[in-house]
Amino acid sequence: MAVAYRATRLFDGISEGVMEDGAVLVDEGRIVSVTPAEDLQADVEVVDLGDATLLPGLIDAHVHLVWSASAEPHALVESESRALSALRCANNGELHLRAGVTTVRDVGSTDGLAIEVGRAVELGVLPGPRVVAAGRAIAMTGGHGWFLGREADGEDAVRRAAREEMKAGAGCVKLMASGGVYGHAEEPGSPQLTAEEMGAAVEEAHKAGRKVAAHAYSPEAINNALEAGVDSIEHGSFMDRATAGRMREQGTYLVPTMSVYAAMAEKGPELGAPEYIQRKTAEVLEASREAFRLALEVGVKIAAGTDCGAPGHPHGTLPEEMRLMVEAGADPAQAIRFGTSAAAELLDSSDELGTLEEGKRADLLAVAGDPTSDIGDLRRVRLVLRGGVEVARGGLP
Ligand SMILES: [Zn+2]
């Protein structure tokens with residue numbers, strides 16, 4: 001039976017402003033209509049959320065479900081059984097739901113565990129967000145995060161790696177175009193997979209209708225990834241103006257992950273994160289904010305992602321990434337679009353997710369207050385629906 005969710009404000013994920021006293025009518029897991037509450041039929045069941053704002057469920061475009069925010073997440077995963085890691089992934093998924101994140105893109109998991117978590121959620125075995133998983137990330141031998149993914153060298157091997165991850169169920173492909181903050185024998189800016197190697201993976205992914213994310217920090221690495229035709233640059237912290245212009249031209253997304261550097265800078269020392277992680281975090285922290293500002297100014301497409309699971313950065317922290325976006329110069333409605341409709345486009349899911357529109361899946365978030373004027377209100381979760389099913393609830397009136 002259809003149920004209407006009503007609140008004093010409604011933000012559909014695409015508009016500039018909010019609808020006053022709006023309602024979303026939900027039936028059989030989908031949105032039937034989005035209307036002013038006064039247009040609801042008298043006999044329909046209404047859940048009145050009061051002084052709250054209805055939004056599309058949030059989408060975090062960069063997570064690692066297999067990691068749990070410990071000082072050295074990889075060491076933890078290696079020290080435990082895969083069964084325990086899978087249970088950890090499941091719990092991490094639930095943390096996203098409680099924060100209003102109804103979809104995540106997992107860009108690298110040990111043994112591709114996030115693919116199976118996504119399957120379990122779809123089968124109703126687990127409560128969790130929708131998961132679009134890259135399976136194992138693809139790195140050159142000894143490249144960034146090789147321990148989180150798989151190594152491949154040369155066009156043929158990288159092409160085969162992409163094909164194998166998709167065969168295993170990957171919904172997107174993740175490539176390591178440069179070094180990173182984890183890993184002690186590499187610098188974030190140093191280029192890794194070549195444009196030719198990445199081009200082979202991109203060709204395979206695009207043939208199969210899947211998007212490609214590239215981890216890249218320096219202009220050289222970003223340009224290699226752009227030459228290969230990837231769909232998003234993850235981190236991109238040392239991006240320069242010329243590179244930003246090229247991203248805008250090619251329609252490539254930036255997923256800036258500012259919150260992971262803020263979290264590691266703040267909590268790394270007390271967690272006892274290794275010295276090399278702390279040193280590199282300091283180098284990237286301010287650069288990531290500059291890159292975000294530059295992307296805003298140049299008009300690069302942006303999607304919100306957290307890199308959560310990394311040291312000191314727990315799952316369900318997308319609202320913090322969006323707060324940092326506002327702190328760095330975005331307006332709140334824009335930041336919310338980056339974490340809803342824009343992220344849905346990056347995930348190639350715009351026809352199903354990312355906005356409150358008739359016919360889409362009923363992934364809904366209600367928060368107290370008005371996050372389009374105070375982005376901090378995103379944390380005041382009142383109700384979360386995933387596919388029309390209530391999955392989390394805060395203090396309702
Ligand atoms: Zn990551």
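The values are calculated or read from the model by the stated rules, or taken from the named source; none is laboratory data. Keep in mind the model is a prediction, meaning the values are calculated, not measured. Quick reminder, even Gly has a Cβ in these numbers, built from the backbone with ideal geometry, and neighbours come from all protein chains shown. Accessible surface is based on the protein model in full, side chains and every heavy atom, while ligands, DNA and RNA are left aside. Shrake-Rupley method; radii C 1.70, N 1.55, O 1.52, S 1.80 Å.
The Rg/Rh ratio for segment 342-397, using Cα coordinates for both the radius of gyration and the Kirkwood hydrodynamic radius, is 1.01. Placing +1 on each Lys and Arg Cβ and -1 on each Asp and Glu Cβ, with no other charges, gives segment 170-326 a dipole about its Cα centre of roughly 440 debye.
Of A208, P332, V44, which is farthest towards the positive pole of the chain's charge dipole, taken about the Cα centre with +1 and -1 on the beta-carbons of Lys, Arg and Asp, Glu respectively? Final value for the positive-end residue is A208. When only alpha carbons are used to place a centre, segment 66-101 and segment 326-354 end up 25 Å from one another. Volume per residue of the convex hull around the Cα atoms, evaluated for segment 4-89, comes out as 160 Å³. Think of the chain as a dipole: +1 on every Lys or Arg Cβ, -1 on every Asp or Glu Cβ, centred on the Cα centre; then among L294, L364, Q278, Q278 lies furthest on the positive end.
So what is log10(I(q)/I(0)) for the chain at q = 0.06 1/Å, when the Debye sum runs over its Cα atoms only? Ignoring solvent entirely, the Cα scatterers give -0.21.
Working from Cα pairs under 8 Å separated by at least six residues, relative contact order for segment 276-335 is 27 percent.
Full extension of the segment from L123 to K207, taken as 0.36 nm per residue of separation minus the current Cα-Cα distance, would add 27.5 nm. The residues of the chain present an accessible area of 36 Å² per residue when probed at 1.4 Å with all protein chains retained. For a modelled paramagnetic label at E227, 7 Å from Cα along Cα-to-Cβ, the residues of segment 127-157 in reach, with backbone nitrogen under 17 Å, are 140, 154-156. Note on segment 210-253: Kirkwood radius taken over Cα pairs, Stokes-Einstein applied at 25 °C and 0.890 mPa s, translational D equal to 248 µm² s⁻¹. With a Förster radius of 41 Å applied to the C-beta separation of E187 and D351, the computed FRET efficiency comes to 0.50. If you bin all the Cα-Cα distances of segment 253-359 at 5 Å, starting from zero, the percentages per bin are 2, 13, 21, 22, 18, 12, 7, 3, 1, 1, 0. If only the Cβ of Lys and Arg carry +1 and only the Cβ of Asp and Glu carry -1, the dipole of the chain around its Cα centre is close to 580 debye. May I ask you to derive the FRET efficiency for A242 and E270 from their Cβ-Cβ distance with R0 = 35 Å, giving the value to the nearest 0.05? For A242 and E270, the calculated efficiency is 0.35. For the Cα atoms of the chain, what angle does the longest principal axis make with the long axis of helix 113-122, in degrees from 0 to 90, nearest 10? Its long axis makes an angle of about 20 degrees. Atom-type composition of the exposed protein surface of segment 285-344 places 51 percent of the accessible area on carbon and sulfur (1.4 angstrom probe).
Expressed as a whole percent, the accessible area of segment 20-89 that falls on carbon and sulfur atoms is 50 (1.4 Å probe).
Among the lysines of the chain, pairs that are 8 or more positions apart or on different chains and have alpha carbons within less than 16 Å of each other number 6.
With Cα atoms as the point set, the radius of gyration and Dmax of segment 128-183 evaluate to 11.5, 37 Å.
The residue among L54, H74, G22 whose Cα reaches farthest toward the positive pole of the charge dipole of segment 7-119, with charges on the beta-carbon of Lys, Arg, Asp and Glu, is H74.
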